Amino acid sequence: MIEHICIFEDGHFRDFYPLTLTRPVCLMRAGIFPQYERIRRRLEAQAVSLLCRDQIAPLVAEQTPRHPVNIIKRGDSDLLFVNGGIRDFGDLPTMLADDRHTRAFESEGRVAAVLLKADTLRALPPVAAHDDYIRFLLAENENIPRHTTTATLYRGAWEFVEDIETAVTADFRALEPEFSAPQQVRVHDGAYFVNENDVFLGDGVRVLPGAVIDASKGPVYIGANSAVEPHAAVAGPCYIGPNSTVLAGKITASSIGHTCRVGGEVEESVFQAYVNKYHAGFIGHSYVGQWVNFGALTTNSDLKNNYSTIRVTVNGTSVDTGAIKVGSFIGDHTKFGIGTLLTTGIAVGVCCNIFGGTLVADKEVASFRWGSGGAWSPHRFDKALETARRTTERRHVSLSDREAALLQAIADETLGDAGVLPL
């Protein structure tokens, strides 16, 4: 067992734009747990540090107060660096358990992990910034043996979407031993459950008349203080985070973060948190950032008419996903007016305001854009920030100075690489 792990982001963070404009990959998720918690549990680590770009570090520290960000307090133990984008652990846990020496573990040309034995680290102070470790790893790069592991790493946000069903199921099973009888749950006699043994309801959950929770194809986890309203159906494997509301419609095989309002039809999609999709409309095979609002009837395409694989454009580069179902990738604080239609595989940046009730046929929309497709106008930062503040206040949350500063940096197109581990 490794006592202390440092979960780092590598230079491939751009492959997950626009989601990683405002977060490291380790804060993304496919199931119930974000990546950093999934890694901690799998490797049974007692302590976790998160390492990311200096640009986003203040906001990450604010969002993950239990874990040091870009500071490593290692004591006298070994230290394991793990790529926050790890998808499948493969033989990595076994290799780590059997190894007695400092080593790097590579997967398809990328570093999946680096094990630094305590005796190797004597030159470093017990408390050090991540930059100290970057310099150390660069200096020792030629001396660290490299082994190949069967572990795999995520290549893009669409792969998180592909893993929703398996990840929700695995996370649910991992949590089952921790389940306890929930308090103050209210389930109306008119609600209907299928395979109730695979449904978990957190404290304070309300399931109202006419609601259906179907766990016949996989488990359903509904977090504390959430509500499933009349004429709503939740079909597993599915995760609904705390303080969320499921309105009339159907939510299938999705991972919905905390404090979301979700109605209409959502299929195989990840919503980070504070997403508002109150009305009818379809969102499928998509990854949606925080504070996104979908106007009524906003709908995306996730399948081409000829059933061919879907190409996406990420940070200006066209990529073949190899999948025939790919929806939308939407950055934080973006808003959609009523009747907006989104083309297959579209990426929409941070703080966009899209309206007009027409098809947005662009494959990639840059951050801070305003309009209805084609000829975009800049979305003035002061106006975008004002909207962001109003949006958060409606949920009784104050937009922090750290988040405002990061949005300003994105608006200025100054997102930097400082602090990325060059592994």
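GNM on the chain, alpha-carbon springs under 10 angstrom: the most fluctuating residue among Thr64, Thr149, Thr252 is Thr64.
Along region 153-167 the Karplus relation, 6.51 cos²θ - 1.76 cosθ + 1.60 evaluated at θ = phi - 60°, assigns HN-Hα couplings of 10, 4, 9, x, 4, 4, 6, 4, 4, 4, 8, 3, 5, 5, 6 Hz to successive residues, with x for each Gly and Pro. Convex hull volume of the C-alpha atoms in region 137-181, normalised per residue: 177 Å³.
A 1.4 Å probe, protein heavy atoms only, puts the accessible area of Lys383 near 100 Å². In order along region 68-78, the Karplus-derived 3J(HN,Hα) couplings, from 6.51 cos²θ - 1.76 cosθ + 1.60 at θ = phi - 60°, round to x, 10, 6, 10, 10, 10, 9, x, 9, 8, 5 Hz, and Gly and Pro are given as x. The lysines within cross-link reach of Lys304, meaning a Cα-to-Cα straight distance under 29 Å and a gap of 8 or more places when in the same chain, are Lys217, Lys250, Lys277, Lys325, Lys335, Lys363. Between Asp382 and Gln184, the simple spin-label model (points 7 angstrom out along Cα→Cβ) gives 4.4 nm. Note on region 129-253: along the principal axes its Cα atoms extend 66, 28, 26 Å, ordered by decreasing extent.
Relative to the dominant Cα principal axis of the chain, helix 130-140 is inclined by about 50°. D by Stokes-Einstein for region 335-376, Kirkwood Rh over Cα pairs, 4 °C, 1.567 mPa s: 130 µm²/s. Ordered from longest to shortest, the equivalent ellipsoid semi-axes for region 176-308 are 24, 15, 14 Å, each the square root of 5 times a Cα gyration tensor eigenvalue. Applying Stokes-Einstein at 37 °C and 0.692 mPa s to the Kirkwood radius of region 1-79, computed over alpha-carbon pairs, gives a translational diffusion coefficient of 253 µm² s⁻¹.
Of the solvent-accessible surface of the chain, computed with a 1.4 Å probe over protein heavy atoms with every protein chain present, carbon and sulfur atoms account for 49 percent.
Kirkwood-type hydrodynamic radius, region 299-376: 12.5 Å, calculated from all non-identical alpha-carbon pairs.
Gain on full extension, evaluated as 0.36 nm per residue between Ser400 and Glu413 minus their Cα-Cα distance, stands at 2.7 nm. Using every pair of distinct Cα positions in region 69-180, the Kirkwood expression returns a hydrodynamic radius of 15.9 angstrom. Summarising the amide proton neighbourhood of Val187: residues at separation of 5 or more, or on other chains, whose placed amide H is nearer than 5 Å comprise Val207. DSSP beta bridges confined to region 37-149 are antiparallel in about 75 percent of cases.
Rolling a 1.4 Å probe over the protein heavy atoms gives the chain an accessible area of 41 Å² per residue. As a calculated quantity, the FRET efficiency between Arg122 and Arg146 at R0 = 25 Å, using C-beta atoms, amounts to about 0.70.
Cross-link partners for Lys117 among the lysines, with Cα-Cα distance under 30 Å and sequence neighbours closer than 8 places in the same chain left out: Lys73.
Think of it as helices only: each DSSP H run of n ≥ 4 in the chain is worth -39500 (n - 2.57), and spread over all residues that comes to -5500 deg cm²/dmol at 222 nm. The length gained by stretching the chain between Arg42 and Ile338 to full extension, at 0.36 nm per residue less their Cα-Cα distance, is 102.3 nm. Taken along the Cα-to-beta-carbon direction at a fixed 7 Å, the label points for Val194 and Ser372 span 4.0 nm. At full extension, Glu106 and Thr309 could sit 70.2 nm farther apart than now, given 0.36 nm per residue minus the alpha carbon distance. Taking a ≥ b ≥ c as the square roots of the Cα gyration tensor eigenvalues, with a/c under 1.5 meaning rounded and otherwise prolate when a/b beats b/c, else oblate, which class fits region 218-272? Because its axes are fairly even, with a/c under 1.5, region 218-272 counts as rounded. The Stokes-Einstein estimate for region 293-423, based on a Kirkwood radius over Cα pairs and taken at 25 °C with 0.890 mPa s viscosity, is a diffusion coefficient of 154 µm²/s. Positive-end ranking of Val82, Ala409, Phe8 along the dipole of the chain, with charges on Cβ about the Cα centre, is headed by Ala409. The residue among Ala167, Ala253, Phe294 whose Cα reaches farthest toward the positive pole of the charge dipole of the chain, with charges on the beta-carbon of Lys, Arg, Asp and Glu, is Phe294.
The values are calculated or read from the model by the stated rules, or taken from the named source; none is laboratory data. This structure is a prediction, so every number in the text was calculated from the model and none was measured. Don't worry about glycine lacking a Cβ; one is built from the backbone with ideal geometry, like all the others, and counts go over all protein chains shown. Keep in mind that these areas ignore ligands, DNA and RNA; they rest on the heavy atoms of the full protein, side chains included. Shrake-Rupley method; radii C 1.70, N 1.55, O 1.52, S 1.80 Å.
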